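Trainee: I have a structure here, written as structure tokens, and I will follow up with some questions on it.
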Ligand SMILES: [Zn+2]
Ligand SMILES: [Zn+2]
């Protein structure tokens, strides 16, 4: 059995935070490193990607769930992009490859950034995220999430196991039913739990969800394990500890930066 694992590089939503109150759960925005045998994939390229380990032997594929800044903000400082002879592939939601490059350039170009990411010393191949597709031995499937401007919920399957990444998703009945089917029997579910139920009442329409909805999803889809992700910048370590203690089921916790889960 080859290795299939997920390492949390960044789990914060919306914007990075720092300070001793954020040391344990972390302050970098969304980025997860998946290793499937020799294949390396990233889920999103938030600030966490700048701490990705050097993986010279592999050719990483970066899969972007949607174009909000917190999911792309680390890309410009991802060290591999500046290394001559290294190739990285990025897939983002767009009509075709030309549009994908135009989307990326709309963020990474003057006056917002000194140059295009394709001008760096390394090679960056920019593709549209057309799902389903196969990257190495990993099958990637997607479904539309419920989020302002849209988001893609992704499923990565490898050697009979699967990871479902449902970030920047707000509960809504019809898509939630689809999500139950999409995530059926997955081994690891990442679910957006930015808000408490009480906070959610004031944040309807912001595109995020709660731990309670994640647990409802987990119970009905049969996910074996769940990581709650996209922590609000206001939620300090003590607050996430408090929420974690209240979780009514095992095999669920709030994601911590640098933790690794082996599937
Ligand atoms: Zn986000
Ligand atoms: Zn978003």
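The values are calculated or read from the model by the stated rules, or taken from the named source; none is laboratory data. Here the structure is a predicted model, which means the values were calculated and not measured. Cβ: placed from backbone, ideal geometry, glycine included. Neighbour counts: every protein chain shown.
Trainee: Tell me the residue from 172, 199, 177, 216 that is surrounded by fewer than 17 Cβ atoms within 10 Å (Cβ to Cβ) and within 16 Å of ligand 1 (Cβ to nearest atom), please. Reasoning before the result, please.
Mentor: Numbers: 172 fails: within 16 Å of ligand 1 (Cβ to nearest atom); 177 fails: within 16 Å of ligand 1 (Cβ to nearest atom); 216 fails: within 16 Å of ligand 1 (Cβ to nearest atom).
That would be 199, the only listed residue that is surrounded by fewer than 17 Cβ atoms within 10 Å (Cβ to Cβ) and within 16 Å of ligand 1 (Cβ to nearest atom).
Trainee: Looking at segment 4-38, which of its residues are without any contact (Cβ under 8 Å) to a residue 12 or more places away in the chain and at positive phi? Give the steps one after another, and end with the answer.
Mentor: First pass over segment 4-38, keeping only residues without any contact (Cβ under 8 Å) to a residue 12 or more places away in the chain: 18-20.
Answer for segment 4-38, where residues must be without any contact (Cβ under 8 Å) to a residue 12 or more places away in the chain and at positive phi: just 19.
Trainee: Filter segment 1-21 down to residues that are more than 16 Å from ligand 2 (Cβ to nearest atom), touching a strand residue (DSSP E or B) at 6+ places or on another chain (Cβ under 8 Å) and not in a strand (DSSP E or B) and give me whichever is nearest to residue 44 (Cα to Cα). Steps first, answer last, please.
Mentor: Residues of segment 1-21 that are more than 16 Å from ligand 2 (Cβ to nearest atom), as a first pass: 1-9, 17-21.
The next check asks that each one be touching a strand residue (DSSP E or B) at 6+ places or on another chain (Cβ under 8 Å); those that pass are 2-9.
Right, trim to not in a strand (DSSP E or B) and you get 2-3.
Details: 2: 23, 3: 21 Å.
Looking at residues that are more than 16 Å from ligand 2 (Cβ to nearest atom), touching a strand residue (DSSP E or B) at 6+ places or on another chain (Cβ under 8 Å) and not in a strand (DSSP E or B), I get 3.
Trainee: Right, next: State whether the residues of segment 74-86 include one that is in a helix (DSSP H, G or I) and within 16 Å of ligand 2 (Cβ to nearest atom). Talk me through it step by step, then tell me what you get.
Mentor: Residues of segment 74-86 in a helix (DSSP H, G or I): 75-77, 79-82.
Keeping just the survivors that are within 16 Å of ligand 2 (Cβ to nearest atom) gives 75.
Scanning segment 74-86, I find at least one residue that is in a helix (DSSP H, G or I) and within 16 Å of ligand 2 (Cβ to nearest atom), so the answer is yes.
Trainee: Within 30 Å of residue 160 (Cα to Cα) and surrounded by 21 or more Cβ atoms within 10 Å (Cβ to Cβ): which single residue out of 61, 100, 47, 94 fits that description?
Mentor: Sole residue among the options that is within 30 Å of residue 160 (Cα to Cα) and surrounded by 21 or more Cβ atoms within 10 Å (Cβ to Cβ): 61.
Trainee: Here is a further query. With the requirement that a residue be touching a residue at least 40 places away in the same chain (Cβ under 8 Å), in contact with a strand residue (DSSP E or B) (Cβ under 6 Å, 6 or more places away or on another chain) and surrounded by fewer than 21 Cβ atoms within 10 Å (Cβ to Cβ), what does segment 241-256 give you?
Mentor: 252
Trainee: Does residue 14 satisfy being farther than 19 Å from residue 162 by Cβ, at pLDDT 95 or above and within 13 Å of ligand 1 (Cβ to nearest atom)? Quick ask: steps written out before the conclusion?
Mentor: Working: farther than 19 Å from residue 162 by Cβ: yes; at pLDDT 95 or above: yes; within 13 Å of ligand 1 (Cβ to nearest atom): yes.
So residue 14 passes the test.
Trainee: If you take the residues of segment 51-73 that are within 16 Å of ligand 1 (Cβ to nearest atom) and in a loop (DSSP other than H, G, I, E, B), which of them is nearest to residue 33 (Cα to Cα)? Talk me through it step by step, then tell me what you get.
Mentor: Applying the first criterion (within 16 Å of ligand 1 (Cβ to nearest atom)) to segment 51-73 yields 62-73.
Applying the additional criterion that residues be in a loop (DSSP other than H, G, I, E, B) yields 64-68, 72-73.
Values: 64: 12, 65: 14, 66: 17, 67: 18, 68: 19, 72: 14, 73: 16 Å.
Residue satisfying both the conditions and the ranking: 64.
Trainee: Looking only at residues that are surrounded by fewer than 22 Cβ atoms within 10 Å (Cβ to Cβ) and within 14 Å of ligand 2 (Cβ to nearest atom) in segment 202-213, which one is farthest from residue 244 (Cα to Cα)?
Mentor: The extreme case among them is 205.
Trainee: At pLDDT 95 or above, buried (at least 18 other Cβ atoms within 10 Å of the Cβ) and part of a helix (DSSP H, G or I): does that describe residue 156?
Mentor: Values: at pLDDT 95 or above: yes; buried (at least 18 other Cβ atoms within 10 Å of the Cβ): yes; part of a helix (DSSP H, G or I): no.
When the stated conditions are applied, residue 156 does not pass them.
Trainee: Name the residues in segment 54-72 that are within 16 Å of ligand 2 (Cβ to nearest atom), in contact with a strand residue (DSSP E or B) (Cβ under 6 Å, 6 or more places away or on another chain) and without any contact (Cβ under 8 Å) to a residue 60 or more places away in the chain, would you?
Mentor: 70
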